[in-house]
1. How long is the gain from GLN222 to GLU346 if the chain were fully straight, where each residue apart is worth 0.36 nm and the alpha carbon distance is subtracted?
2. Under the Kirkwood approximation for Rh and a Cα-based Rg, what ratio Rg/Rh is obtained for the chain?
3. For GLU171 and GLU63 in one chain, what is 0.36 nm times their gap in residues minus the Cα-Cα distance, to one decimal in nm?
4. Considering amide H positions built from the backbone, and no H for Pro or chain starts, which residues 5 or more places from THR84, or on another chain, come under 5 Å of its amide H?
5. If you roll a 1.4 angstrom probe over the protein chains with everything in place, what fraction of the accessible area of the chain belongs to carbon and sulfur, to the nearest %?
6. Quick one: accessible area per residue over segment 249-329, 1.4 Å probe, rounded to a whole number of Å²?
7. Once you've got the GNM for the chain with C-alpha springs shorter than 10 Å, pick whichever of ASN94, ASN81, ASN404 has the biggest mean-square fluctuation.
8. Give the accessible surface of segment 1-104 per residue, rounded to a whole number of Å², with probe radius 1.4 Å and ligands, DNA and RNA excluded.
Amino acid sequence: MIQFEKFTLGNGLRVIVHQDTTTPMVAVNLLYDVGARDENPAQTGFAHLFEHLMFGGSVNIPEYDTPLQMAGGENNAYTTNDITNYYVQLPRQNMETAFWLESDRLLSLAFSKKSLDVQRKVVCEEFKEHYINKPYGDAWKHLRELAYTRHPYRWMTIGKELKHIEDAQLEDVQRFFFKHYRPVNAILCVAGNVTMEEVKALSEKWFGGIEAGEPYRRGLEQEPRQEEDRTETIVRDVPLDALYKAWHIPGRMEQGYHESDLITEIMGNGYASRLYQTLVKEQQLFSSINCYHTGSLDAGLLVVEGKLIKGVSLETADAAVQSQIQLLLQNGITDVELEKAKNKIEAMIAFEDMSILSRANNLAFYELLGDAAMINDELGLYHAVTTASLLDTAKEIFRPGNENTLFYKAGQAAS
């Protein structure tokens, strides 16, 4: 059971305090309720670009990293389709440095052409390195566009196309900042050897005077129920054929999410999984295969992806995956399989909870979902899954019409 307290500042900033007196360190996590799904379809990649811009310095602090390193701290951030998260870990006696740095760039981020040019170049290089020049790098671009026709999950976190980042102007990013980076749209979690009184005082001192901003209200176009299977074939200069298959699954707070997660554990997470044992080890059709899901807040995707053994056709490999899915739908899973999957989830949660940084991150995330207290209910929701409820969810996921298949062929792409 993870204990915590929470309060809200007058400007709407939600603050969570988790005390752990066994550590000399403090984790400060600031989560903003904005991700790639909140972007203009004609200006994608802004959430990720902003993650970089936030490290470009503020009006008062030219370099974010230097004072933090002097205080013995380390930091990082990440962006998803749903959220943007910044985190700092530093010695307890220097924790005010984190409040100072985080509040200052929220209050007065340095918007300059120089900073934008530098970070835009960094993101453009990242786009090229990971999504254009890297083998199989564009697979998820095609898979998302195949699976989603309306919802903004149809583009990657880094953006729909490189040109959107290249064309980003200073006024565009300023507008994005003042719309989303406001106290009323943020959650601060402080974990470690701290007291409620200390965190309250520091929060008021450094964040209390920042203007609240307007609460962001989403009006996202939801993805209609998919009723016809979709298939796409692309040819790229890669060493091996690859198969990608995706099915729509419930969103993070919907019935069936935990069943979906357990399905991925049983079907394709690790060497003991069904897909690995049968299609890699026994039939030797794939050199590697995985099953996972996107964990999205809105309806996400359950994905099977694998690299084929040379000489095996994509059609043969696809039929083999389909056969394993049919076995699941016809026979369900055993109590032993379900128990093993639950044990793996429990071990993963326990391992995460060992880190104050993970606890701070997760408490902020669950508060975004509705209430930080949900962090203590999560394991129980997995334990409540039965073989029957898992099979019912599997039948809905793998129903006819809900399948998206990307054949990624090795060869010379047409110029």
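1. Values: separation 124, 0.36 × 124 = 44.64 nm, distance 3.23 nm.
Here the segment from GLN222 to GLU346 would lengthen by 41.4 nm.
2. 0.99
3. Contour length minus the Cα-Cα distance gives 36.7 nm.
4. TYR32, VAL34
5. About 51 percent, which is the carbon plus sulfur part of the accessible surface.
6. I get 40 Å² per residue for segment 249-329.
7. Highest fluctuation of the listed residues: ASN94.
8. Ligands and nucleic acids excluded, the result is 38 Å² per residue.
The values are calculated or read from the model by the stated rules, or taken from the named source; none is laboratory data. Every value quoted in this text rests on a predicted model; they were computed, and no experiment measured them. Counting neighbours? That spans all protein chains shown, and the Cβs are built from the backbone with ideal geometry, glycine included. Note: accessible area is taken over every heavy atom of the protein model, side chains too, but ligands, DNA and RNA are not part of it. Shrake-Rupley method; radii C 1.70, N 1.55, O 1.52, S 1.80 Å.
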